[in-house]
Structure formats: C-alpha cells, structure tokens
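Shown next, in structure tokens, is the structure this report addresses.
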Amino acid sequence: INITTKKINYCNGCEACLKTGTCNQYNDDADDIVEKMINADVIVMSTPVYFYSIDAQMKALIDRTVSRYIEIKNKDFYFILTAAVNDAKMLERTVECFRGYLDCLENPTEKGVVYGIGAWKVGEIKDTPAMNKAYEFGKNV
C-alpha cells in the first residue's frame, strides 16, 4: 500500500477509539489500511528519511492504529529506509522509531532492515545493493 496516495488524517487524541474501538474520522483510508495490517502475516514499513526520522505519512498511519493496535499481533516486520546520507549507522534512530512501535505490539518479529543510503532524489535507489536486498527479502517471505 503506497500510503502517499492515501488520505490518512492525523490522530487528534480525542480517545473516542478507546471507548468505541473505532476512530471517529471516517472520511479517510486509515481504517482499511489498519484492517489489512491486522489480517497480514508480514508487514513491510518503508519510509524516506527526513531529518533522521520517519516521514509524516508513516507516523500518521502508526498513530491511527491506536484503536486496534492490540489486534496487530504475531506479525513479521521488515523495514525499508531511504536517505541521502551515505552511512547506514546514521539511520539507526529512524529504525528505532519503527522498533518503538513494535514494542507496543504483541509478539512482533523484526525480520530485516534495508538501508537505502545515498539516495537524495527519486529513482537514485535503483540498481543499488539496497534494491537487491529488498528483492531478496521479498523472495524469502
């Protein structure tokens, strides 16, 4: 699911979902995406890295899982990050954002991380070792 093409409203902290189990923001795509996450065996979370963090769309989606995050359990997770920096170590704090999310889920398994480094502009990641690694992860799912 390319979340950049989806409408995902921000969680506004109203806590309605904690009372009813559903978010009161009905005019977006988040509920359908969360349902797919609940039903999936494997979840790949991918983000461009801006200022060493996940992008706003990914953060909005993670926040919107709050109403049903306890149902996102026993999943295998892969993380894919792309950034202009040339040192994968610089992306560890971004990976920690994803790992912090997994800490809130029941029995998640981190299966792998792809560090797409040296990619400043769209398309620069093609024909890099990161693309090959992502492909290999996909073959082994």
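The values are calculated or read from the model by the stated rules, or taken from the named source; none is laboratory data. The structure displayed is predicted, hence computed values, not measured ones. In this analysis, Cβ positions are derived from the backbone assuming ideal geometry, glycine residues included, and neighbour counts consider all displayed protein chains. Note: accessible area is taken over every heavy atom of the protein model, side chains too, but ligands, DNA and RNA are not part of it. Shrake-Rupley method; radii C 1.70, N 1.55, O 1.52, S 1.80 Å.
Which members of the range 3-19 meet the condition of being hydroxyl-bearing (Ser, Thr, Tyr) and either in contact (Cβ under 8 Å) with a residue 24 or more places away in the chain or open to solvent by less than 50 Å² (accessible area, probe 1.4 Å) (or both)?
Thr4, Tyr10 - these are the residues of the range 3-19 that are hydroxyl-bearing (Ser, Thr, Tyr) and either in contact (Cβ under 8 Å) with a residue 24 or more places away in the chain or open to solvent by less than 50 Å² (accessible area, probe 1.4 Å) (or both).
Just one of the listed residues (Glu96, Glu92, Glu106) is out of contact with any Gly (no Cβ under 8 Å at 6 or more places or on another chain), more than 25 Å from Cys11 (Cα to Cα) and either of a type in the set (Lys, Arg) or open to solvent by 60 Å² or more (accessible area, probe 1.4 Å) (or both), namely Glu92.
Could you tell me which residue of the range 79-89 is nearest to Ala56 (Cα to Cα), considering only residues that are of a type in the set (A, V, I, L, M) and open to solvent by 30 Å² or more (accessible area, probe 1.4 Å)? Give the derivation first.
To start, the set of residues in the range 79-89 that are of a type in the set (A, V, I, L, M) comprises 80-81, 83-85, 88.
In the following step, the residues that additionally are open to solvent by 30 Å² or more (accessible area, probe 1.4 Å) were identified as 80, 84-85, 88.
Details: Ile80: 15, Ala84: 17, Val85: 19, Ala88: 21 Å.
Applying the filter and picking the extreme gives Ile80.
The set of residues in the range 95-127 being part of a loop (DSSP other than H, G, I, E, B) and under 13 Å from Ala84 (Cα atoms) consists of Ile117, Gly118, Ala119, Trp120, Lys121, Val122, Gly123, Glu124, Ile125.
One line per residue, one yes/no per condition, for (1) open to solvent by less than 50 Å² (accessible area, probe 1.4 Å); (2) closer than 19 Å to Ala130 by Cα; (3) under 15 Å from the mean Cα position of the chain (by Cα):
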{"site": "Val44", "(1), (2), (3)": "no, yes, yes"}
{"site": "Val66", "(1), (2), (3)": "no, no, yes"}
{"site": "Ile72", "(1), (2), (3)": "yes, no, yes"}
{"site": "Val113", "(1), (2), (3)": "yes, yes, yes"}
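Taken over the range 115-141, residues that are open to solvent by 50 Å² or more (accessible area, probe 1.4 Å), closer than 16 Å to Val49 by Cβ and hydroxyl-bearing (Ser, Thr, Tyr) amount to 1.
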